[in-house]
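These notes are about the structure you will find just below.
Only the coordinates and a few stated rules stand behind these numbers; no lab work does. Quick caveat: nothing in here was measured; it's all calculated off a predicted structure. Backbone-built Cβ (ideal geometry, glycine too); neighbour counts: all protein chains shown.
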Amino acid sequence: MTKISEAFQKGKAFIPFITCGDPDLETTGRIVREMSKNGADIIELGIPFSDPTAEGPVIQAANIRALNGGITTDTIFDFVRDLRKDISTPLVFMTYANVVYSYGTERFVSRCAEIGINGIILPDVPFEEKAEFSSACEASGVNFISLIAPTSENRIAIIAREAKGFIYLVSSLGVTGTRSEIKTDLRSIIRIIRDNTNIPCAIGFGISTPEQAKKMAEIADGVIVGSAIVKLAAQYGTDASNPIGEYIATMKKSVLITE
């Protein structure tokens, strides 16, 4: 059992996301430590990219701020190595294929394994083109996290059967960002997933309130929140760690209420 799988053994998982280097890596470090302290079960770390096609304006802006601040993939690797001195929470990189490919796929993944990254999410890699990345991950003991979207349709079963770590179920069409209402028939998608794998399933995209998190946790194994947290980072800047920690504690509590 991997560390990611273990994170779901404690009940419904809460998985927050933060963009590394927004506003700077020192602040990101404080935020990650507050996330871990306040109940995050897995933490997604965004590696900034200049063309983040799956992201809405909030996370796009965070990417631009981080890149303008001089953040590179290597500085993030060093950052995570330092995090691992005192953080044991599973960590997952979320970035884009070009970031990994330009670094060198095998080199990137082996460095992930070396510094203690437990999984990788690449939202722009179609299922049919994942082999180059997933095989490198498997060789290094890093989970390549699969995404299932409302548009996956007849591919849901096969994606589920080959999934590792956990399945990232995209709640809505379009890009990331908070939504007032999630209308997708997620229950039917989850039924297909359950019929084809025992891998945990976590829902992301559009979740920002405790009420939404509770509703999603009632049908899935975990809840992922990104844009709402990145908004707090933008609002509070270098003072964001405490407000984000309080938000994580509230959201984690709402997820646990479903049990």
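Distance between the C-alpha centers of the stretch 7-32 and the stretch 68-108? Whole Å please. Measuring centre to centre over Cα atoms gives 13 Å. Measuring r between the beta carbons of residue 195 and residue 106 and using R0 = 30 Å, the FRET efficiency lands at 0.30. Can you tell me how the stretch 194-259 classifies by the Cα gyration tensor, rounded, prolate or oblate, using a/c under 1.5 as the rounded cut? Prolate shape, in that a/c is at least 1.5 and a/b is the bigger ratio. When the chain is described by a simple charge dipole with +1 on each Lys and Arg Cβ and -1 on each Asp and Glu Cβ, the residue from 38, 69, 28 located farthest towards its positive end is 38. Calculate, for residue 10 and residue 98, the FRET efficiency according to 1/(1 + (r/R0)^6) with r their C-beta to C-beta distance and R0 35 Å; round to the nearest 0.05. The pair residue 10/residue 98 has a calculated efficiency of 0.50. A cut-off of 5 Å between modelled amide H atoms, ignoring neighbours fewer than 5 places along the same chain, links residue 167 with 201, 202. Note on residue 188 and residue 209: their simple-model spin labels are 2.6 nm apart, each label 7 Å out from Cα toward Cβ. Of the options [x] 20.5, 63; [y] 16.6, 46; [z] 17.4, 54, only one is Rg and Dmax of the Cα atoms in Å as computed from these coordinates, and that is [y]. Note on the stretch 12-253: dipole from Cβ charges, positive end direction compared against 186, 95, 17; the farthest Cα belongs to 186.
Tell me, what does the Kirkwood hydrodynamic radius of the stretch 44-134 come to in angstroms if you use every pair of distinct C-alpha atoms? Hydrodynamic radius (Kirkwood, Cα only) of the stretch 44-134 equals 13.7 Å.
Hydrodynamic radius of the stretch 3-71 by the Kirkwood approach over all distinct alpha-carbon pairs: 12.9 Å. Comparing 108, 141, 169 along the charge dipole axis of the chain, the residue lying farthest to the positive side is 169, per the Cβ-charge model. Dividing the mean sequence gap of close Cα pairs (under 8 Å, 6+ apart) by how many residues the chain holds gives a relative contact order of 26 percent.
Shape of the stretch 112-242 from the C-alpha gyration tensor: oblate (a/c of 1.5 or more and a/b not above b/c, with a ≥ b ≥ c the square roots of its eigenvalues). In terms of distances greater than 24 angstrom between alpha carbons, the cross-link table entries 37/85; 10/231; 85/215; 130/252; 130/215 yield 10/231; 85/215; 130/252; 130/215.
In terms of the mean number of neighbouring beta-carbon atoms within 10 Å, the peptides 106-119, 237-250 order highest first as 106-119, 237-250.
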